[in-house]
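Since the structure comes first, as structure tokens, the remarks are kept for the end.
The values are calculated or read from the model by the stated rules, or taken from the named source; none is laboratory data. Everything numeric here is computed off the predicted structure, so don't read it as measured data. Glycine also receives a Cβ, built like all others from the backbone with ideal geometry; neighbour counts cover every protein chain displayed. Note: accessible area is taken over every heavy atom of the protein model, side chains too, but ligands, DNA and RNA are not part of it. Shrake-Rupley method; radii C 1.70, N 1.55, O 1.52, S 1.80 Å.
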Amino acid sequence: MMKHRLPRILGTIAGLVCTLGAVAGPVSAEPPALPAFTGTIISFDMNAQTGRLALLSSSWRDGLRIEILDSRTGERLGGVPSNLAPTTPRFSPDGEALLFVDAVGTLHKLDLRTQTIAHILTDAAFETVFPSWDPAGTSIVYYQRPRNRAAGMSSHLHTLEVATSHTEQLTDDSAALDITPVWSPDGRYILFQRIRGTAPRRTHAACLVGSHGGGVLPLLPDSAGESVVSRYQWSPDGKGILVMKQQPSEDSKPGVGSLSMVNVDDQTIRWSIEHEGLEDAACFPDGSGLLGITKSALLWIDKEDGQIKSRFSLEDSGPCRQEVTGPAVGFEKEGQAVVYLNENGALYRVHGDGSSVLLAASSPEPLPHFNEEEYTIESQDGFSVPVKRYVPSDPKPAAVMLVVGGPGAPVDPTLDPLLPLLLEAHYEVLAPVYRGCSGYGPGHLAASRGEWGRADVRDVVAAGRDWKQRFGDGRALVLAGYSYGGYLTFLSLAHDDAPWDAGVTLWTMASLQQPLLGMIEAGLPTESDARKRALAERSPIEQAALIRRPVLLLQGALDGAATMDEVQLLHEKILRSELIVYDNDGHGLFLNRADMLDRLTTFIDSMSPGNEKVLSPPQ
């Protein structure tokens, strides 16, 4: 039995390339030339007072980074390097500081005056998630998520006074997930979303709590629909809140969204409207009006009566990206100009008069050269499974079958965190689009509902057997999966006639019991007893002793997707395994990519005929 704990390995920063100047609709003013960068823009924040932008980008080689720019002049004002793997950038109200959370849930502050980064909150037991500033820029509200599921599934709101590091817990309902907190402009309240129950009876409610705690007040609790909480629902004076509720559609058509302006002090409704396909709404920071967001349009809405005044079609520029904290939009200090990020990573400035300008378009890092083919196989139950095969120049003898994370993720080398690295290392990569993956229509995406860890395992096993017959010819095939793909890798290797020569799991899940806002419930039966049986039957820990192939486990000690006890138990139950634990890393292993890749490729190469690596059985 081998187990290693490794120190932190820092990444490096690379330069960026941005495509500028393309126009969707009438041209307003030519934007300044933003500094060049390489990567896909996946999120951003904008400070209305200063016009500063914080662009969060991702590239397959270097991971995540933040670039801070002046949208008015194009000047680069600083950034956060990829060795911190930053997420969720949030400007202070004056635009002189930026909050971000790193790969392991530690909260940091970048001071733009001094260009220094400080740790301001670290908790060994909890991750800090989605911080939000108070209007004075002196305190922060956030929610904490347990790293270890043994600590419970709930999440609670807390505040942090930046100068003194004093923290205060605001909510404490052990049966609720309290998420996405947003401070009111007058500092009195915090708006947040409370999630209760389990599928199919899970509820989402918009709630208020005082900035120093007290009772929790649900907003419009008696009205139908699921509440949506996002960043810009407060009116600028703090006296009103946009309450957005969505009625799901029974078919593939957009549901009806209802939008109400609610008085904070007495819960009375000023006005309400309904609009088909309305997903979210926001208040302009200068109080001049409201913005509505649908898949196909941005809507300028009158703040007094809720009537739609103008409409900007997104047919050419593309739908607005949706995040957990709401639509990816930002605003300028005055006027009704909107900056929004589309689903392809392009940043637009749009005006109410219909004019727009493309500020920045993502420029993904070029992929290694490879040839691609796609074919379809039949799974054990007759389900058709697409399979993608990527063959680089001068491929090595061993091939890799990659099981992507998810469920719901696509098989796409431009988006995948591991596939380009394997191609660059000259491995042929086989990727089954198991049921539950996106990109092949709603039927394929929904085909695994209630069947996670069973139907998709059949797809993975069938793809492995088929490759051995078509292309094997004595070559080694290594099964590798990350996150949910790691979970499937364990179960597939435990199959009676597993066709692989070895397996690798990276930042893996170890169970379907996850505190991921109920997502996992979609993969289990709805009936209680059937659910319990499924959790046991689809448990990698229960099946691990059946695995007879050598397995390499690469895991971060701070990864909430699996506890270290679970990972250690998997390692001990598998007959031949090696466990590498990175003490300082979490989900994605962003902080140790170089060492991770070195150990991964060494292990795969050792599986080629004549080079087989012998792993000792657990003691």
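Quick notes on this one:
- The C-beta contact set for segment 253-278 (first residue of a type in the set (Lys, Arg), second residue open to solvent by 30 Å² or more (accessible area, probe 1.4 Å), distance under 9 angstrom, 6+ apart or interchain) comprises Lys253/Glu276; Arg270/Asn263; Arg270/Glu304; Arg270/Asp305.
- Residue identified as surrounded by 18 or more Cβ atoms within 10 Å (Cβ to Cβ), within 17 Å of the chain's Cα centre (by Cα) and more than 17 Å from Glu332 (Cβ to Cβ) among Ser59, Ser92: Ser59
- Test: Glu334 is more than 30 Å from Gly277 (Cβ to Cβ) and either in a strand (DSSP E or B) or open to solvent by 10 Å² or more (accessible area, probe 1.4 Å) (or both): no
- Beta carbons closer than 9 Å, at least 6 apart along the sequence or on distinct chains, pair a first residue in segment 106-120 that is touching a residue at least 24 places away in the same chain (Cβ under 8 Å) with a second that is open to solvent by 40 Å² or more (accessible area, probe 1.4 Å) and aliphatic (A, V, I, L, M) for His108/Ile117; His108/Ala118; Lys109/Ile117; Lys109/Ala118; Leu110/Ile117; Leu110/Ala118.
- Single match in Tyr482, Tyr487 (criterion: surrounded by 24 or more Cβ atoms within 10 Å (Cβ to Cβ), over 22 Å from Pro397 (Cβ atoms), among the aromatic types (Phe, Trp, Tyr) and out of contact with any helix residue (DSSP H, G or I) (no Cβ under 8 Å at 6 or more places or on another chain)): Tyr482
Residues are listed down the side, and each one gets a yes or a no for (1) under 18 Å from Val338 (Cβ atoms); (2) of a type in the set (Val, Ile, Thr); (3) open to solvent by less than 20 Å² (accessible area, probe 1.4 Å); (4) in contact with a strand residue (DSSP E or B) (Cβ under 6 Å, 6 or more places away or on another chain):
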{"position": "Lys239", "(1), (2), (3), (4)": "no, no, no, no"}
{"position": "Ser258", "(1), (2), (3), (4)": "no, no, no, yes"}
{"position": "Asp280", "(1), (2), (3), (4)": "yes, no, yes, yes"}
{"position": "Ile293", "(1), (2), (3), (4)": "yes, yes, yes, yes"}
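- Any chance Tyr440 is without any contact (Cβ under 8 Å) to a residue 60 or more places away in the chain and of a type in the set (Phe, Trp, Tyr): yes
- Residue check for Gly51: over 18 Å from Val324 (Cβ atoms), in contact (Cβ under 8 Å) with a residue 60 or more places away in the chain and surrounded by 22 or more Cβ atoms within 10 Å (Cβ to Cβ): no
- Taken over segment 290-308, residues that are under 29 Å from the mean Cα position of the chain (by Cα) and outside any strand (DSSP E or B) amount to 3.
- Restricting segment 415-448 to residues that are of a type in the set (Gly, Ala, Ser) and under 18 Å from Val461 (Cβ atoms), the residue that is nearest to the chain's Cα centre (by Cα): Gly436
- Some residue of segment 590-609 being in contact with a strand residue (DSSP E or B) (Cβ under 9 Å, 6 or more places away or on another chain), in contact (Cβ under 8 Å) with a residue 60 or more places away in the chain, more than 26 Å from Ala398 (Cβ to Cβ) and of a type in the set (A, V, I, L, M): yes
- The residues of segment 220-237 that are of a type outside the set (S, T, N, Q), touching a strand residue (DSSP E or B) at 6+ places or on another chain (Cβ under 7 Å) and surrounded by fewer than 17 Cβ atoms within 10 Å (Cβ to Cβ), listed by number, are Pro221, Ala224, Pro236.
- For segment 417-434, the condition holds for at least one residue, the condition being that it is under 26 Å from Lys532 (Cα atoms) and either of a type in the set (Val, Ile, Thr) or open to solvent by less than 20 Å² (accessible area, probe 1.4 Å) (or both).
- Among (1) in contact with a strand residue (DSSP E or B) (Cβ under 7 Å, 6 or more places away or on another chain); (2) touching a residue at least 40 places away in the same chain (Cβ under 8 Å) - the single one Tyr375 does not satisfy: (2)
- Residues within segment 367-380 that are open to solvent by less than 100 Å² (accessible area, probe 1.4 Å), more than 29 Å from Asp496 (Cβ to Cβ) and assigned to a loop (DSSP other than H, G, I, E, B), tallied: 2
- Restricting segment 539-559 to residues that are surrounded by fewer than 22 Cβ atoms within 10 Å (Cβ to Cβ) and not polar (S, T, N, Q), the residue that is modelled with the lowest pLDDT: Leu558
- Being in a strand (DSSP E or B), open to solvent by less than 30 Å² (accessible area, probe 1.4 Å) and closer than 20 Å to Phe471 by Cα holds for only one residue in Tyr340, Tyr390, and it is Tyr390.
- Scanning segment 347-366 for residues that are touching a residue at least 24 places away in the same chain (Cβ under 8 Å), part of a loop (DSSP other than H, G, I, E, B) and within 25 Å of the chain's Cα centre (by Cα) yields Ser362, Pro364, Glu365.
- Selection status of Ala399, in contact with a strand residue (DSSP E or B) (Cβ under 7 Å, 6 or more places away or on another chain), modelled with pLDDT of 95 or more and surrounded by 15 or more Cβ atoms within 10 Å (Cβ to Cβ): yes
- The number of residues in segment 343-366 being open to solvent by less than 40 Å² (accessible area, probe 1.4 Å) and under 30 Å from Leu430 (Cβ atoms) comes to 4.
- Candidates in segment 571-605 are the residues that are of a type in the set (Val, Ile, Thr) and part of a strand (DSSP E or B); of these, the one that is surrounded by the fewest Cβ atoms within 10 Å (Cβ to Cβ) is Val581.
- When segment 541-570 is filtered for residues that are aliphatic (A, V, I, L, M) and not in a helix (DSSP H, G or I), the ones remaining, listed by number, are Ile547, Val551, Leu552, Leu553, Leu554, Ala557, Leu558, Ala561, Ala562.
- Spans of strands (runs of 3 or more DSSP E) in segment 250-289 with at least 2 residues modelled with pLDDT under 90: 256-263, 269-276
- Considering segment 191-204, the residues that are part of a strand (DSSP E or B), modelled with pLDDT under 90 and not hydroxyl-bearing (Ser, Thr, Tyr) include one that is surrounded by the fewest Cβ atoms within 10 Å (Cβ to Cβ), namely Arg196.
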